[in-house]
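The values are calculated or read from the model by the stated rules, or taken from the named source; none is laboratory data. If you're wondering where the values come from, they're calculated on a predicted model, not measured in any experiment. Note: ideal-geometry Cβ built from the backbone for every residue, glycine included; neighbour counts use all protein chains shown. Calculation scope for accessible area: heavy atoms of the full protein, side chains included, ligands and nucleic acids excluded. Shrake-Rupley method; radii C 1.70, N 1.55, O 1.52, S 1.80 Å.
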Amino acid sequence: YNVSITLHGLLMIFFLVMPALFGGFGNYFSPIFQGSPEIIFPRINNFSILLLALSYVMVIMSILTEYGAPTGWTIYPPLSTSFMSLSPSSIYFLIIGLLISGISSALTSLNFFLTILNMRIYGMNLKSLPLFNWSIIITSVLLLATLPILTGALIMVLSDLNSNTLFYDPTFGGDPVLYQHLFWFFGHPEVYILILPAFGSISHIIANLTQSLVFGNQSMIFAMSSISLLGSVVWGHHMYTVGMETDTRAYFSGVTILISLPTGTKIFNWLSTYLGSHPTLSIGSSTNVFALLFLLMFTIGGATGVILGNSAVDLALHDTYYVVAHFHFVLSLGAVIAIFASTWYYLPKITSTAILPSPTSTVSLLNLLLIFVGISLTFTPMHFLGFNVMPRRIPDYPDSFHS
């Protein structure tokens, strides 16, 4: 059970959402949107996608050796180190895979960053840069700033596991909470890395469907920048239960709730874009409904995030299904819906319309219906489980949870 949810988390984040929204759509459309013929280092790009394949093989190798890695996607010590680890070679493969994936992401980020800064068409300044490219450049900066921290944390886990170091072993003066600080310093910006390209993509889809500019273009850019900046200094809200002092918890609570302001700005801007125009595609278009669905689901996920940002509430709800419901509403029902919306919207443009069903076809509407009903029925009840303090990552439950 724990091996499967560990791999689910890592594969969805590092091998679905990031390669699709950031690597995939970013690679294809950011040069087109700014009029450059190609990204700045095409061969490094090629290298990074080959590295991604290699890292995927390594992560899958972790379930083919010994028992797999039953640590949760966060790979916390002592579950991942020393005598506690059920399966050292599995964790070894998992971490090597993640490190290679990190190199791949860093190279791609550097590529996008330099492309957008240096290869814009003549006369296009940063102020008039399309929102999608803004989302990609901000995501790149976040990745370049936080990936080295994760890399360091994982290398220390590896050396604890294989080289007799004691970074995370409290028996000899190490500190497992140090790992949490290092991990979440990457792990929280990571969720913005996943959702920012979705913001950019949804902005373009809504602008094109309404045949108008996105309302408040500058404020959207400032909002994305603020989200990335604030998102990098709130890692401690994942750690309210480790024994932080009150003033630290107050700081993390305050800044976490502050993130809702730029996020709310974006939601209202999108809604205002709809408000001021007549969408050209009917409500029968799956792309249009996916975009609206993104707004709804992301808003619900954001609202539960504000609730969990309060340390007092989080102490009760920490590691319950409420948290699982929260981040799946943002990711599964936010980022993944953005992937579907972008796919239906852009694939006919990439492949020529003859190849694939149109966004108004029965297939696309069936896709929309199944996705919407499936994810809503999966994740909405988890809020109630969380309020009944049903813990996550536990495969079996007492009878009191049957109802």
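Rounded to the nearest whole Hz, the Karplus-based 3J(HN,Hα) values (6.51 cos²θ - 1.76 cosθ + 1.60, θ = phi - 60°) of region 320-336 follow the sequence 9, 5, 4, 5, 4, 4, 4, 6, 6, 5, 7, 8, 5, 9, x, 4, 5, with x at glycine and proline.
Between Tyr397 and Ala312, the FRET efficiency from the beta-carbon distance, with R0 = 25 Å, is close to 0.45. State log₁₀ I(q)/I(0) for the chain at q = 0.07, 0.09, 0.10 Å⁻¹ as given by the Debye formula over alpha-carbon point scatterers of equal weight, solvent excluded. Ignoring solvent entirely, the Cα scatterers give -0.33, -0.56, -0.70.
What is the Cα radius of gyration of region 93-132 over 2.2 N^0.38 Å, N being its residue count?
Numbers: Rg = 15.0 Å, N = 40, 2.2 N^0.38 = 8.9 Å.
Rounded to two decimals, the normalised Rg is 1.68.
Normalising the average separation of contacting C-alpha pairs (under 8 angstrom, six or more residues apart) by the number of residues puts the relative contact order of region 1-197 at 27 percent.
Quick one, can you get me the convex hull of the C-alpha atoms of region 252-390 expressed as volume per residue in Å³? Don't skip to the end; give the middle numbers.
Numbers: hull volume 16.3 nm³, N = 139.
Each residue corresponds to 117 Å³ of Cα convex hull volume.
For region 1-197, the fraction of alpha-carbon pairs lying more than 23 Å apart is 46 percent, rounded to a whole number.
Just the Cα atoms of region 92-197, one point each, no solvent: what log10 I(q)/I(0) does Debye give at q = 0.09, 0.15, 0.18 Å⁻¹? Each listed q maps to, in turn, -0.32, -0.70, -0.88.
What percentage of the solvent-accessible surface of region 1-197, computed with a 1.4 Å probe over protein heavy atoms, is contributed by carbon and sulfur atoms? Don't skip to the end; give the middle numbers.
Numbers: 5900 of 8230 Å².
Whole-percent figure for carbon plus sulfur exposure: 72.
Heavy-atom accessible area per residue, the chain, 1.4 Å probe: how many Å²?
Working: 17720 Å² over 403 residues.
Value returned for the chain: 44 Å² of accessible area per residue.
GNM remark for the chain: springs join alpha carbons under 10 Å apart, and the peak mean-square fluctuation among Phe112, Phe199, Phe29 falls on Phe29. Counting only heavy atoms of the protein chains and using a 1.4 Å probe, His238 has close to 50 Å² of accessible surface. The smallest convex shape that holds all Cα atoms of region 343-403, its convex hull, gives 133 Å³ per residue.
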